[in-house]
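Some notes on the structure that comes next.
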Amino acid sequence: MRRALTAAFVSVLLGGFPAVATASPSATCADPVGVYPGEVPWGQRLLDPARIWPLTTGAGQLVAVVGTGVDTRNAQFGRGQVVAARDIGDVGAEPGTDCDGRGTIAAGIVAAQANPATTFAGVAPGAKILPVRYPHAGGDGEPDRLAEAIKAAVAARAGVILVAVPVNSGSAALTGAVAEARERGSVVISPAAGTNGAPTYPAATPGALAVGSLDRAGATVGQEAGDHLGIAAPGADLVSTSAGGHGVVAHRWPLTDPGLAAAYVAGAAALVRAYHPALSPEQVVTRLVLTANRPPNGDHDPKRGWGTLDAYAAVTAQIPADAPAPGLGAGAGKPARVVPAAAAAVAPGDGLAGGVTIGALGFAAAAGIAVAAVRRGRARGWQPGRRMP
């Protein structure tokens, strides 16, 4: 039955795409490598989102991708899936374009739809994408512009806000924008993409979920470290959609960028919000972190947070509505234990992705394993979760 359901969902997601062609190169903007022809990318196998699609594809969710824009012409985005961009200030780009390319890569990991030309697909292909473009060059005003971008995403009723291009310093305006987003029902997710251990923002801003990055062997990729990291996800040797495809399926690979790990978590957050629409932002973050596969030492790790994202457990685990929000930092206290719901059996080969065992990445994992994060008291001031109207 599950095999039939998965096949049905994949069949729906595969329909109605233009033919694949070779994209013409550009001398100044991001260009695709081509159409990815290889096996299912390892990050996709690790999350195995096709196993979740019979339950939810993220439909009804709006994910804001804050950064450089999204190239709407890439054929792995469905018609109308990428909504009109919100621009903060003069971004110097035409609507529906992404010369830089980072926004299109992040958006593909979040929500690219399955296509028969490639094995690559996004985590939540039923979700819609809202590009929010802001000037991201250096300068003292950069955090404030990012704050405006986050506020624009909140105003557009984005339930998940992925900051694809973070900044190197914080500001009162940025702190206020993240707080406002949570109060109004949005989950803010940001990569821990700093160098030499230095923090980036809003990863280090209170209220944002900071995401560390790993390679396929389980080694950390990013250099940013600290008590603020909450969770880790794939960030090396990745595949995703490329800008500059000129209306066809187009990809870039291999991609190694610690900033991309947050896109996997944003896709998982969209699945969680779609399947549990009443959850508040705090409850979504709690669910993602409590179900993560713990680091080898079992404690908070300054580069991995509380462990590696387990998207299936995050969607399906039975967690009490009043489960305490996870604490961040090794000194926050001893972790409690939460047992995810037993997973329904899935025949080998079901879906797009064959599962990669977390043990292969050096993390403890098994069906129904107890995973944990710290208790620091019940979350206060929860707001109802938001869905796209």
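The values are calculated or read from the model by the stated rules, or taken from the named source; none is laboratory data. Every value quoted in this text rests on a predicted model; they were computed, and no experiment measured them. For neighbour counting, all protein chains shown are included, and Cβ atoms are generated from backbone atoms with ideal geometry for every residue, glycine included.
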Open item on the list: Of the residues Gly176, Gly197, Gly108, Gly185, only one is assigned to a loop (DSSP other than H, G, I, E, B) and modelled with pLDDT of 95 or more; which?
Closed with: Gly185
Task: Some residue of the stretch 264-275 being at pLDDT below 95 and surrounded by fewer than 24 Cβ atoms within 10 Å (Cβ to Cβ) - done: no
Task: Residues satisfying the stated conditions in the stretch 144-167, i.e. of a type outside the set (D, E, K, R), touching a strand residue (DSSP E or B) at 6+ places or on another chain (Cβ under 7 Å) and surrounded by fewer than 20 Cβ atoms within 10 Å (Cβ to Cβ) - done: Ala156
Task: the stretch 252-297, residues that are without any contact (Cβ under 8 Å) to a residue 60 or more places away in the chain, farther than 30 Å from Gly38 by Cβ and assigned to a loop (DSSP other than H, G, I, E, B) - done: Asn297
Task: Residues (touching a strand residue (DSSP E or B) at 6+ places or on another chain (Cβ under 7 Å), of a type outside the set (Ser, Thr, Tyr) and within 18 Å of Pro143 (Cβ to Cβ)) located in the stretch 183-203 - done: Val188, Ile189, Pro191, Ala192, Pro202, Ala203
Task: Residue pairs meeting the criteria (Cβ under 6 Å; at least 6 apart or on separate chains; first more than 17 Å from Ala93 (Cα to Cα), in the stretch 53-77; second surrounded by fewer than 24 Cβ atoms within 10 Å (Cβ to Cβ) and basic (Lys, Arg)) - done: Gly60/Arg387; Leu62/Lys128
Open item on the list: As an exercise: evaluate Gly244 against (1) in a loop (DSSP other than H, G, I, E, B); (2) touching a residue at least 60 places away in the same chain (Cβ under 8 Å); (3) in contact with a strand residue (DSSP E or B) (Cβ under 7 Å, 6 or more places away or on another chain); (4) over 16 Å from Phe120 (Cα atoms) and give the number of the one condition it does not meet.
Closed with: (3)
Task: Residues (touching a helix residue (DSSP H, G or I) at 6+ places or on another chain (Cβ under 8 Å), part of a loop (DSSP other than H, G, I, E, B), more than 13 Å from Val110 (Cα to Cα) and not polar (S, T, N, Q)) located in the stretch 49-93 - done: Ile52, Trp53, Pro54, Leu55, Gly60, Gly69, Asp71, Ile88, Gly89
